[in-house]
Amino acid sequence: MSDNDFYALMPLLLLAGASVLVMLLIVARLSHRIIQIVSLALFIVSFSSLVYMRDLLPYPIDPLFVIDDFGVFMIGLIIFSGLVVNVLSYIYFEEKEEGPKEYYVLLFLCTLGACVLAVSGHFVSLFLGLEILTVGLYALIAYLRKRKHSIEAGIKYLILAAFSSAFLLFGMALIYLQTGTMGFSEMAGALADVATIPPLFLMGLGLMLVGAGFKLAVVPFHMWTADVYQGAPVPVTAFIATASKGGVVAVLLRFFVAIDGFRFAGLVFLLICIAIASMIVGNLLALRQKNLKRILAYSSIAHLGYLLVAFIPGSPMVPQAVSFYLLAYFVTTLAAFGVVAVLSDRESDAEELVRYKALFWKHPVLACILSSALLSLAGIPLTAGFTGKFYILATSLRSGFWLLGIVLVASSVIGLYYYLRVITVMFSGINDHVPEPEEKHPLFFGISMGVLSVLTVLVIWLGVFPDGVISFVQQFRLR
Amino acid sequence: MMLALLIVILMAGGLTALLAGKWNKSFPRWIALISSTAGFLILLLFWIDQHQVVQVSSDQNWLVQYQKDWILSFGITFHLAIDGLSLLLLVLTFFMGILAVLCSWEEIRERTGFYYFNLLWILAGVAGVFMAMDLFLFYFFWEVMLIPMYFLIGIWGSENRVYAAYKFFIFTQASGLLMFLAILGLYFIHGNNTGVYTFSYVELTGTVIPSQVAIWLMMGFMVAFAVKLPVVPFHTWLPDAHGEAPTAGSLILAGLLLKTGAYGMLRFVIPLFPEAARQVAVPAMVLGVAGIVYGALLAYSQTDLKRLVAFTSVSHMGFVLMGIFAFNELALQGVVMQIVTHAISTGALFILAGMIKERLHTRDMNLMGGLWTQMPRLGTIGMVFAMASLGLPGLGSFIAEFLILLGAFHAHFWITVVAASGLIFSAVYSLRIVQKIFLGPEKGAGHIPDFSRREMVIMAALTVSIVWLGLYPQPVINTAKPAVVRLVQLLQPDSDIKSEQSYVR
């Protein structure tokens with residue numbers, strides 16, 4: 001292993017090392033507060049290690065990894081969301097009955113798994129990353145093990161994720177049978193001169209799509225989403241919604257671009273069906289929900305559908321649009337879940353819509369953060385979500401996918417209704433002037449609010465001055 | 001620079017009001033008043049300064065413009081520019097803004113900071129819409145005015161406010177998104193034709209679009225503007241939104257938001273798709289007439305004063321639609337006049353409705369009656385604006401509707417005949433307002449105070465303007481003339497404009 005290999009793998013090594021370090025700290029019986037601060041520092045260190053990699057790129061580490069600017073961007077996003085989740089966790093878990101320390105070990109492992117996915121160029125690293133991520137999530141989802149919903153969610157996720165991993169593995173095996181290789185680029189070579197897709201390969205690809213579909217929670221593989229989002233602790237839900245999906249999207253994109261899957265009409269048709277179904281079903285199911293976590297779950301189904309719209313055209317614009325949309329979606333989703341986490345108390349999460357009544361007058365700042373996040377999810381101008389949607393529409397219309405564009409627009413109109421409903425609840429009712437209980441952890445409350453404010457500023461910044469980020473993501477080339 | 005300054009004043013004023021509202025309940029309204037007055041004065045000075053230039057400017061020469069790069073990767077620029085038409089509408093925007101602040105002076109006591117923030121941001125959005133010369137920027141401002149309006153209706157409205165706010169938002173947003181698709185379609189067609197991907201209005205006006213596609217793209221734009229205007233099948237959000245909004249909200253909705261629809265048709269639909277617009281001219285005029293008659297009939301059957309006024313808007317906006325698609329100078333000048341006078345007369349009626357509601361705590365006309373004896377001033381002014389609404393000569397609306405009918409007569413005989421019956425209907429509903437509310441036996445008991453000084457100022461400003469527009473509309477006509485002539489030339493490249501100029505000098 002050369003020095004450069006070492007530098008290129010630095011973020012992954014740091015994350016792996018961090019989990020071990022935190023484990024040692026737990027053995028040393030340090031307090032929750034210290035562990036929280038140390039892991040925060042570790043996240044920051046691994047995030048900043050990305051900066052040193054710029055000159056190296058692109059840097060393939062054969063055969064497992066391809067470290068290019070798209071991958072590093074995705075790693076950055078994933079570590080960033082891990083960092084935000086980490087910050088939000090203190091207040092949330094300090095109140096809870098379960099000892100929170102081991103939580104941080106799992107968080108590092110999951111982040112590591114997602115990052116491995118983002119740079120993997122080989123089935124082995126893909127599967128390894130996915131399993132590191134998923135196994136960690138089993139435990140994280142059911143972390144508050146005395147609660148019925150958590151256990152239900154944990155079991156549900158365990159069974160479905162295990163199933164989908166099996167599908168994925170079988171699919172990989174079939175593809176290996178057809179092409180005789182597990183590396184993406186070698187596979188592309190094996191497929192370069194076939195006009196129609198070989199049946200075994202198609203079969204394998206279909207099975208892989210089932211597996212990936214489960215992880216991404218796109219229709220028709222979305223059944224687990226609402227229950228798991230609701231049952232998992234809020235910071236973990238935020239992590240599932242962002243980092244775990246981001247990693248899978250990244251590897252899927254890399255795989256598709258490598259084998260140039262966009263030239264097979266049948267496959268594209270399949271993806272179009274999945275995208276349309278996700279957009280429509282996700283938005284429709286969210287309409288009647290009364291629980292904010294469930295609303296956000298269904299909305300995430302729809303958003304993955306939107307993301308597929310950017311994915312399908314297969315043009316050079318795809319990596320840019322996907323990266324930008326993921327950035328916008330990550331920032332927005334983290335802000336939304338952050339507010340839920342901060343408002344949650346010892347007994348229950350702030351998930352019922354009733355609890356948000358008159359929030360505008362009780363906690364104007366939190367309410368503004370949540371509304372800007374929701375407006376961004378709805379895709380209203382001045383927010384990141386609008387620029388992201390614009391990017392997606394531009395990508396798909398440029399390649400002539402008008403149907404997808406129209407469905408996207410129509411379904412986001414449906415989506416407006418439930419986002420607005422949450423906002424309406426927040427300003428309906430009047431302040432009952434019950435004095436708010438004294439904040440128990442002023443320091444961490446301050447940090448959380450600071451992070452949430454930064455996220456909100458980012459949401460608006462990306463909506464008003466997106467040019468910097470756009471010209472950055474425009475350099476991404478996957479081939 | 002002036003143009004950007006106008007928007008900055010409003011947006012910054014809004015933010016300051018929001019912050020100042022934390023300390024003192026009356027700071028925000030002063031801030032709002034100062035910022036809207038400042039904008040108004042700037043524009044007025046500019047208008048007076050430029051009034052010679054305004055009338056002669058021809059071709060695509062803007063009076064003043066401001067351009068700055070925004071999102072270069074997609075060819076989006078921050079390009080503001082105005083011609084005479086935009087200038088008129090901007091002046092109207094700030095005028096209405098001042099009145100809106102004044103008429104919420106006492107009405108709004110709760111959460112004043114957030115209220116004036118929303119008010120000023122709506123104005124900023126509207127002002128931006130009237131200035132934007134980049135289609136992306138236009139859509140951006142189009143949406144910016146939406147959210148604050150949603151809050152305005154949803155928080156400070158009356159009983160059924162939440163429903164009305166939803167309806168308003170979803171109607172306008174859905175239609176806006178269709179427009180956005182059409183904008184993107186235009187963007188890519190232009191890009192494919194020329195290799196230059198840009199949202200610039202000036203460049204896109206020359207785009208060669210296959211006529212089959214042009215119809216669809218134009219429909220995308222038309223839907224958005226038709227919902228805003230509103231054109232009859234898309235009008236159902238309007239009575240709810242107008243009825244439930246606070247007074248200032250109704251004033252801005254009627255006075256400004258509806259006008260953005262008309263402006264959009266004049267500025268975008270016709271110049272971008274002249275061919276396609278000509279194909280739909282007759283159906284559009286029929287829809288306009290349907291609006292005139294239908295709005296008037298429904299207005300007559302309302303018992304809720306604000307809903308009544310809302311339906312009169314539908315009727316008056318029917319004239320606008322008919323005038324736009326008559327495609328000649330007379331009718332288009334009438335449209336511009338109608339835009340301005342309708343804002344003033346209907347705005348005044350909404351303010352009156354608000355004032356009556358403040359005193360009687362009801363909008364139900366069956367519970368009113370004989371208010372003239374108790375409030376002679378309010379009665380007189382109410383009479384003036386009811387007359388303006390029915391198009392009495394001497395008041396601005398007469399000029400507007402007369403010009404539109406005259407122009408439409410050239411374009412289509414029978415449609416105009418039906419439309420002219422609208423004048424009779426409007427007399428019926430306007431007189432009903434006067435009779436039900438101001439005349440007849442007294443219903444309410446107890447002393448009701450007449451106009452306060454602040455209310456006098458508001459009403460005086462409105463009355464003076466409507467009479468001025470009725471007696472001497474020439475400045476407005478002159479200001480709008482270059483823009484109107486350009487539109488006509490676009491539609492009838494070979495027609496002799498000179499011969500028609502004798503009608504409207």
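Where a number appears in this text, it was derived from the coordinates with a stated rule and is not lab data. Please read these numbers as outputs of a predicted model, since none were measured by experiment. Note: ideal-geometry Cβ built from the backbone for every residue, glycine included; neighbour counts use all protein chains shown.
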inquiry  = I need the phi-derived Karplus couplings for the stretch B:36-50: 6.51 cos²θ - 1.76 cosθ + 1.60, θ = phi - 60°, integer Hz, Gly and Pro marked x.
reply    = 6, 5, 4, x, 4, 5, 4, 5, 5, 4, 4, 5, 4, 5, 9
Alpha carbon centroid spacing (whole Å) that separates the stretch B:381-435 from the stretch B:148-182 = 30
key: For the stretch B:195-316, average projected area of the Cα convex hull in nm²   = 8.3
query = What does the helix-only formula give at 222 nm for chain A: each DSSP H stretch with n ≥ 4 adding -39500 (n - 2.57), the total divided by the residues, and the result rounded to the nearest 500 deg cm²/dmol?
reply = -24500 deg cm²/dmol
request  = Find how much the distance from residue B:65 to residue B:25 grows on full extension, using 0.36 nm per residue of separation minus their present alpha carbon separation; answer in nm with one decimal.
outcome  = 10.6 nm
ask   = Which lysines have a Cα lying under 21 Å from the Cα of residue A:389, excluding residues fewer than 8 positions away in the same chain?
value = A:245
ask   = Which ³J(HN,Hα) values in Hz, rounded to whole numbers, follow from the phi angles of the stretch A:214-220 under the Karplus curve 6.51 cos²θ - 1.76 cosθ + 1.60, where θ = phi - 60° and Gly and Pro get x?
value = 4, 5, 7, 6, 9, 5, x
ask   = Going 7 Å from the Cα of residue B:53 toward and past its Cβ, which residues in the stretch B:1-31 have a backbone nitrogen under 13 Å from where you end up?
value = B:1-3
query = Say R0 is 25 Å: what FRET efficiency, to the nearest 0.05, do residue A:454 and residue B:109 get from their beta-carbon distance?
reply = 0.10
For the stretch B:328-342, Karplus couplings with θ = phi - 60° (6.51, -1.76, 1.60), whole Hz, Gly/Pro x = 9, 5, 4, 5, 5, 4, x, 4, 4, 4, 4, 4, 6, 6, 5
Rounded to the nearest 20 debye, dipole of chain A from Cβ charges on Lys, Arg, Asp, Glu = 880
Cα-based reach from residue A:362 at 28 Å (exclusive), listing lysines while leaving out same-chain residues under 8 positions away = A:96, A:290, A:293, A:440, B:22, B:25, B:167
remark   = Given a Förster distance of 60 Å, the FRET efficiency implied by the Cβ-Cβ spacing of residue A:145 and residue B:38, rounded to the nearest 0.05, works out to 0.45
task = Return the long-range amide H neighbours of residue B:304 (sequence gap of 5 or more, or a different chain), with a cut-off of under 5 Å between placed amide H atoms.
result = B:365
message = Rounded to whole Å, give me the distance from the Cα center of the stretch A:58-74 to that of the stretch A:85-164.
response = 24
message = Within 10 Å of each candidate Cβ there may be at most 11 other Cβ atoms; applying that plus a DSSP loop requirement, which trypsin sites (Lys or Arg not before Pro) in the stretch A:290-322 survive?
response = none
request  = Take the Cβ-Cβ distance between residue B:202 and residue A:28 as r, set R0 to 56 Å, and report the resulting FRET efficiency rounded to the nearest 0.05.
outcome  = 0.20
query = What residues have an amide H closer than 5 Å to that of residue B:64, excluding those fewer than 5 places away on the same chain, when H is modeled at 1.01 Å from N in the peptide plane?
reply = B:82
task = Treating the Cα atoms of the protein assembly as shown as identical point scatterers in vacuum, please give the log10 of the normalised Debye intensity I(q)/I(0) at q = 0.04, 0.08 Å⁻¹, two decimals.
result = -0.22, -0.81
remark   = Between residue B:79 and residues 5 or more places away or on another chain, the pairs with built amide H atoms under 5 Å apart involve B:68, B:133, B:134
request  = Hand me the tally of lysine pairs in the stretch B:280-493: alpha carbons under 29 angstrom apart, and the pair either on different chains or 8 or more positions apart.
outcome  = 5
inquiry  = If I model a spin label at residue B:373 and residue A:417 as a point 7 Å from the Cα along the Cα→Cβ vector, what separation in nanometres do I get?
reply    = 5.1
